[in-house]
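The values are calculated or read from the model by the stated rules, or taken from the named source; none is laboratory data. Quantities reported herein were computed from a predicted structural model and do not represent experimental measurements. In this analysis, Cβ positions are derived from the backbone assuming ideal geometry, glycine residues included, and neighbour counts consider all displayed protein chains.
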Amino acid sequence: MIWSAKQSSFLKTICREELAEALGRADFNASLFATDAVADAVDNIENFKIQTHRPDLGKMILDIANDAGTNNVAVLSCGPIAMVAEARSAVVDAMKHTRADVDYFEDAFGW
């Protein structure tokens, strides 16, 4: 799971209230990004570090698809138009350059 939000406090709340069970599983991976946070001001969540920059979706999605081998990968993208366009482009690249069966689901919004 790759989750990006402006505030680290939002990520912490979601992790405590909605993702606590998943975060404790050995077969679950999460990359958390607080894009408006200052590195020194962010408290991490148990074994998960909150990174304080925008995720490189292209590289991350391609890496996940490569690691999947011939298995299925689902990419669910919800966010601003530019972010979902970046995710969509990364999925197209992953479909062209990996052996994974990649499915893409999108929900874009604008302000």
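A Cβ distance below 8 Å, combined with a sequence gap of six or more or placement on separate chains, defines the contacts here; from region 81-97, residues that are in the same structural domain as THR70 (by TED's automatic domain parsing) reach residues that are among the hydroxyl-bearing types (Ser, Thr, Tyr) in the pairs MET83/SER4; MET83/SER77; VAL84/SER77; ALA87/SER77; ALA87/TYR104; ARG88/SER77; ARG88/TYR104; VAL91/TYR104. Taking the criterion of being part of a loop (DSSP other than H, G, I, E, B), modelled with pLDDT of 90 or more and not polar (S, T, N, Q), would at least one residue in region 20-41 satisfy it? Scanning region 20-41, I find no residue that is part of a loop (DSSP other than H, G, I, E, B), modelled with pLDDT of 90 or more and not polar (S, T, N, Q), so the answer is no.
The set of residues from region 69-87 being under 13 Å from the mean Cα position of the chain (by Cα) and under 14 Å from GLY58 (Cβ atoms) comprises VAL75, SER77, MET83, VAL84, GLU86, ALA87. Scanning region 61-111 for residues that are of a type in the set (D, E, K, R) and in a strand (DSSP E or B) turns up ASP101, ASP103, GLU106, ASP107.
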